[in-house]
1. Of the conditions (1) over 18 Å from P268 (Cβ atoms); (2) surrounded by fewer than 24 Cβ atoms within 10 Å (Cβ to Cβ), V352 satisfies every one except a single condition; which number is it?
2. Residues of the stretch 3-38 being within 15 Å of V84 (Cα to Cα) and either in contact with a Cys (Cβ under 7 Å, 6 or more places away or on another chain) or of a type in the set (S, T, N, Q) (or both), which ones?
3. Out of E136, E154, which single residue is away from the ligand (no atom under 16 Å from the Cβ), outside the structural domain of C266 (by TED's automatic domain parsing) and charged (D, E, K, R)?
4. Residues to consider are A83, A78; find the one that is under 26 Å from K272 (Cβ atoms), touching a residue at least 40 places away in the same chain (Cβ under 8 Å) and of a type outside the set (S, T, Y).
5. Those residues that are within 15 Å of the ligand (Cβ to nearest atom) and either part of a loop (DSSP other than H, G, I, E, B) or surrounded by fewer than 16 Cβ atoms within 10 Å (Cβ to Cβ) (or both), I need them from the stretch 34-49; list them, please.
6. Are any residues in the stretch 80-108 more than 7 Å from the ligand (Cβ to nearest atom) and of a type in the set (S, T, Y), and if so, which ones?
7. Condition test on G202, is it loosely packed, with under 15 Cβ neighbours inside 10 Å and either modelled with pLDDT of 95 or more or assigned by TED's automatic domain parsing to the domain that holds Y10 (or both)?
8. Going by the conditions given, is D381 of a type in the set (D, E, K, R) and on the phi > 0 side of the Ramachandran plot?
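The values are calculated or read from the model by the stated rules, or taken from the named source; none is laboratory data. Remember, predicted model here, so these are calculated numbers, not experimental data. Glycine also receives a Cβ, built like all others from the backbone with ideal geometry; neighbour counts cover every protein chain displayed.
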Amino acid sequence: MNITVVGTGYVGLVTGACFAEMGNTVTCVDVDSTKIAALEEGIIPIYEPGLEAIVQENQKAGRLRFTHSLEEAMEESALYFIAVGTPPGEDGSADLSHVLDVAAEIGRNLSQDAIVVNKSTVPVGTAAKVQAVITEQLNARGVAFGFDVVSNPEFLKEGAAVEDFMRPDRIIIGVESERARQVMADLYHTFSRNHDKLMFMGVRDAELTKYAANAMLATKISFMNEMANLAERMGVDIENVRKGIGSDSRIGYSFIYPGCGYGGSCFPKDVKALMRMGEEYDFETRILRAVEDRNQAQKHRLFEKLTERFGNDLSGRVIGVWGLAFKPGTDDMREASSIPLINQLTAAGAVVRAYDPVAMEEAPNHFAAELFEQGRIILCDHQYDALADADAMVLVTEWKPFRQPDFNAMKKLLKQPVIIDGRNQYDPYSLKVQGFDYSGIGRDFGD
Ligand code: NAD
């Protein structure tokens, strides 16, 4: 098939590369010409395991190309994927401007019957808006072509995006016509050979399915964080509780790890957007409000733990931070828990020495430039450099090299043997024996 994918971010680039890998001819389009220029050279602007190889191989094979001209790409194909960002607007609702800009451009350039597939996460009713915008442009041109708008939300996880796209749990496809259903079935059957993963439904059903999935996952995390904070006050070890409840097959082990809050480009914005949808339908989403509130508060837990130890004035203190990305496996720092933590630390007078295996280049985009200029945030070359003369080490992102560190070396480097473990990676009992002052999330047993 000849496919156009608009937007070359985490979702668009992975979608385009994976369709090309299966033998399709794919043109990826982006308004960001710097990104397109880099991609044309085989340079991948994001960190995503396995992506570089399939992009380069498919480029070489002539199945994958990049352009900033949607008009040009549309000449070659009649199947268009929209995979542009839907960032949160000021009121928390999803900002549809990029999606509707693409729809308008499709309408201005459509010259044959086509299928427009929306892969971006969008509120219920967006497919109808996309349809209306395209129709308006066609009417203005005085032309008529048959086109369907399909909803095909994406469920990939950053850090495992290629693997998730190639071996999805399910493929949700919202369609309103038999023609669109057939085209989507033909496109995706190769990703569904092991067992039938295609789930066809109405477009509005598909749109809500994506939000419901992310909201459910966010709910599990916030619920567990609430239990962890309670456990801490009770002197209970939340890790035992986690294993105890995870063994119940109705609950399961996934997404019940307590921590310092969820971040990323999806959960925070999608929970807020779903709350806004509730308001539009005059429905109070009480659970979602609690999920969001708990997450906001959880992002302050690590800072609170530090001020509980050192007091509110952290002037003269040095804090070593391990992990800046919102989760391991990605350089994405959008809504990462490291951001409010580091901003709070520097505002309280501390100097932060930080290290992340892949997000170091990304870091300067998320903090005020003067924090770097004044040496209040120091980006270190190595995880152990970040601990030099530090009053405490804080684990924010559980990258693998952080999971079994050299505690002897850490103890020598740290001015005080304080470990604040935002992801419950370490054994509090063993660290206590080694002389560390340890605090995890829901496992802070004092002296
Ligand atoms: P992103 O910000 O990484 O990439 C979006 C890209 O779209 C950017 O390169 C931008 O330049 C481009 N763009 C914006 N307007 C454009 C236009 N008019 N024409 C062409 N290109 C344009 O975004 P992302 O993380 O890939 O997310 C895309 C969508 O997929 C969002 O709705 C998101 O919620 C959803 N999603 C994301 C993930 C994830 O893990 N990142 C997972 C599932 C779903």
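1. The failed condition is (2).
2. At the first step, the residues of the stretch 3-38 found to be within 15 Å of V84 (Cα to Cα) are 4-16, 27-33, 35-36.
Of everything in the stretch 3-38, those that are within 15 Å of V84 (Cα to Cα) and either in contact with a Cys (Cβ under 7 Å, 6 or more places away or on another chain) or of a type in the set (S, T, N, Q) (or both) turn out to be T4, V5, T8, G12, L13, T15, G16, T27, S33.
3. Values: E154 fails: away from the ligand (no atom under 16 Å from the Cβ).
That would be E136, the only listed residue that is away from the ligand (no atom under 16 Å from the Cβ), outside the structural domain of C266 (by TED's automatic domain parsing) and charged (D, E, K, R).
4. Numbers: A78 fails: under 26 Å from K272 (Cβ atoms).
It is A83.
5. Step one: of the stretch 34-49, the residues within 15 Å of the ligand (Cβ to nearest atom) are 34-40, 43-49.
Hits for the stretch 34-49 are T34, A37, A38, E40, I43, I44, P45, I46, Y47, E48, P49.
6. Y80, S93, S97
7. On the way: loosely packed, with under 15 Cβ neighbours inside 10 Å: yes; either modelled with pLDDT of 95 or more or assigned by TED's automatic domain parsing to the domain that holds Y10 (or both): yes.
It is true that G202 is loosely packed, with under 15 Cβ neighbours inside 10 Å and either modelled with pLDDT of 95 or more or assigned by TED's automatic domain parsing to the domain that holds Y10 (or both).
8. Values: of a type in the set (D, E, K, R): yes; on the phi > 0 side of the Ramachandran plot: no.
Here the answer is no, as D381 does not meet what is asked.
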